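Asker: First the structure, which I've put down as structure tokens, then a few questions once you've had a look.
The values are calculated or read from the model by the stated rules, or taken from the named source; none is laboratory data. Quantities reported herein were computed from a predicted structural model and do not represent experimental measurements. No Cβ is skipped: glycine too gets one built from the backbone with ideal geometry, and neighbour counts run over all protein chains shown.
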Amino acid sequence: MISFLSHIDDTLFLLINSHHTGFFDFFFYLVTWLGNGWVVTPILLVIAYVKIPKKRLALFILVSAVGMIASGLINSKVKDVTHRPRPLAYFSSSPADTMADQGPAYKIHVVGEPLSSRAFPSGHSNTAFSAATLVALAFGGWYWLAVIPALLVGYSRIYIGAHFPFDVFAGGLLGILVMIVTVILIRIFVLSPRPLEPL
């Protein structure tokens with residue numbers, strides 16, 4: 001079962017990473033920064049300042065801080081335990097990356113810094129999906145579309161050669177779950193006795 005899932009992961013990575021152009025190199029290099037905490041945090045603060053009444057701003061910042069920090073810390077600890085190599089190291093330690101059962105030599109398409117370790121789960125995907133979940137839960141409506149840039153961040157991590165698809169899936173899922181749990185706990189323990197009151 002594990003070898004089957006690994007084969008799917010490898011195949012999907014090669015399918016996505018092998019299709020690239022100069023335009024999309026530039027586009028996904030920019031998109032991938034949306035998974036960086038130093039980029040996401042100011043965006044969340046601007047949204048909060050514009051959308052949230054001042055009396056509820058502190059609560060939103062509390063949920064944001066607790067959820068994003070907790071998600072990031074858990075993600076980092078899982079990385080430390082799994083020690084999964086990045087695609088660049090996994091396929092080969094040589095510049096011309098190869099995969100034995102893929103036939104001809106395959107060179108990993110890397111955009112940006114060539115990373116080799118701590119692949120699982122994807123930290124950028126974790127951050128992007130944490131933020132998207134927070135925005136969707138806090139505002140609802142059209143703000144559920146925040147998942148679109150999060151998905152693009154996940155795809156970008158594969159495109160630029162930084163992660164396998166399962167790394168992205170795990171990081172995104174972890175970000176979603178931790179943020180949902182954070183919102184539930186804040187509603188129970190901070191907003192009590194009105195736990196169902198929206199943020």
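Asker: Could you look through the range 33-74, keep only residues that are surrounded by 14 or more Cβ atoms within 10 Å (Cβ to Cβ) and outside any helix (DSSP H, G or I), and pick out the one that is modelled with the highest pLDDT?
Answerer: Here the residue is N36.
Asker: Sticking with this one: Is it true that some residue in the range 171-189 is surrounded by fewer than 20 Cβ atoms within 10 Å (Cβ to Cβ) and either in contact with a Cys (Cβ under 9 Å, 6 or more places away or on another chain) or of a type in the set (D, E, K, R) (or both)?
Answerer: So far as the range 171-189 goes, yes, one or more of its residues are surrounded by fewer than 20 Cβ atoms within 10 Å (Cβ to Cβ) and either in contact with a Cys (Cβ under 9 Å, 6 or more places away or on another chain) or of a type in the set (D, E, K, R) (or both).
Asker: Consider the range 3-32. How many of its residues are part of a helix (DSSP H, G or I) and either free of Cβ contacts under 8 Å to residues at least 60 places away in the same chain or of a type in the set (V, I, T) (or both)?
Answerer: Our first condition is that a residue be part of a helix (DSSP H, G or I); within the range 3-32, this holds for 3-17, 22-32.
Filter again for either free of Cβ contacts under 8 Å to residues at least 60 places away in the same chain or of a type in the set (V, I, T) (or both), leaving 3-4, 6-8, 11, 15-16, 22-23, 26-27, 30-32.
The qualifying residues number 15.
Asker: Next question, about the same structure. Return the residues of the range 138-193 that are over 24 Å from F23 (Cβ atoms), at pLDDT 95 or above and polar (S, T, N, Q); say none if nothing qualifies.
Answerer: Selection gives T182 alone.
Asker: Among the residues of the range 141-169, write down those that are in contact with a Phe, Trp or Tyr (Cβ under 6 Å, 6 or more places away or on another chain) and either under 28 Å from L62 (Cβ atoms) or free of Cβ contacts under 8 Å to residues at least 40 places away in the same chain (or both).
Answerer: Answer for the range 141-169, where residues must be in contact with a Phe, Trp or Tyr (Cβ under 6 Å, 6 or more places away or on another chain) and either under 28 Å from L62 (Cβ atoms) or free of Cβ contacts under 8 Å to residues at least 40 places away in the same chain (or both): just A150.
Asker: Out of the residues in the range 109-137 that are of a type in the set (A, V, I, L, M, F, W, C) and not in a helix (DSSP H, G or I), state the one that is nearest to N17 (Cα to Cα). Write out each step before concluding.
Answerer: The first filter runs over the range 109-137 and keeps only residues of a type in the set (A, V, I, L, M, F, W, C), leaving 110-111, 115, 119-120, 128-129, 131-132, 134-137.
Those left that are additionally not in a helix (DSSP H, G or I): 110-111, 115, 119-120.
Details: V110: 8, V111: 10, L115: 15, A119: 16, F120: 18 Å.
Selected residue: V110.
Asker: Mind checking which residues of the range 103-115 are surrounded by 13 or more Cβ atoms within 10 Å (Cβ to Cβ), at pLDDT below 90 and not basic (K, R)?
Answerer: The answer is Y106, L115.
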